[in-house]
Amino acid sequence: MPILILTTGGTIDKVYFDASSDYEIGEPTVPLVFREAGVALDWRLGPLFRKDSLELTDADRAAIRQACLDAPESHILITHGTDTMTLTAEALLDLPGKTVVLTGALAPARFRVTDAIFNLGLALGALQSKPPGIYLAMNGTIFTAGQVRKNRSAGKFEVVG
């Protein structure tokens, strides 16, 4: 099963420069994480953006949707900033024949202590086990798009309802 990895930026790819929190979105970290983890799946990288998710626009979400539609792969992992991940997931609802999992991190993958590696592994597992649909993989849980929100004060995602 070939997998497309679309990267949009977000904390998972941030590089910090100083204690005052100056940062930029760096190169996608997925290839490094996959190499270090020995991921043996057939995958290709499709970098789309290098933006904080608060900077993503409706036009950017439309471009993400179009990239999913145009992809020959039926299984797509999207790395995304956590602040607007749920909005992008909802913009992808009803993609025919596609299993799409969005994931990100609350701490950059380049940090020694990060949830990025765990979340990427969770997302890969979800891609291989879930039926077509749109999902978020965060905090050890697979959420269905449209039924999840980020609880900023608790620093985690949770089911709505």
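The values are calculated or read from the model by the stated rules, or taken from the named source; none is laboratory data. Nothing here was measured: the structure is a model prediction, and the numbers come from that model. Note that we place each Cβ from the backbone using ideal geometry, even for glycine, and neighbour counts take in every protein chain shown.
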TODO: Determine whether THR79 is within 18 Å of THR114 (Cα to Cα) and at pLDDT 90 or above.
DONE: yes
Open item on the list: Which numbered condition in (1) touching a residue at least 60 places away in the same chain (Cβ under 8 Å); (2) in contact with a His (Cβ under 8 Å, 6 or more places away or on another chain) is the only one that LYS98 fails?
Closed with: (1)
Task: Counted residues, region 56-83 - those being in contact with a strand residue (DSSP E or B) (Cβ under 9 Å, 6 or more places away or on another chain), free of Cβ contacts under 8 Å to residues at least 40 places away in the same chain and under 22 Å from MET138 (Cα atoms) - done: 0
Task: Filter result for the condition that a residue is surrounded by fewer than 16 Cβ atoms within 10 Å (Cβ to Cβ) and among the acidic types (Asp, Glu), over ASP58, ASP83 - done: ASP58
Open item on the list: So, in region 90-114, how many residues would count as being in contact with a strand residue (DSSP E or B) (Cβ under 8 Å, 6 or more places away or on another chain) and within 18 Å of ALA37 (Cβ to Cβ)?
Closed with: 5
- [ ] Could you grab the pairs with beta carbons closer than 7 Å, sequence gap of 6+ or different chains, first residue in region 128-139 and under 17 Å from PRO2 (Cα atoms) and touching a residue at least 60 places away in the same chain (Cβ under 8 Å), second one among the aliphatic types (A, V, I, L, M) and surrounded by fewer than 18 Cβ atoms within 10 Å (Cβ to Cβ)?
- [x] GLN128/MET1
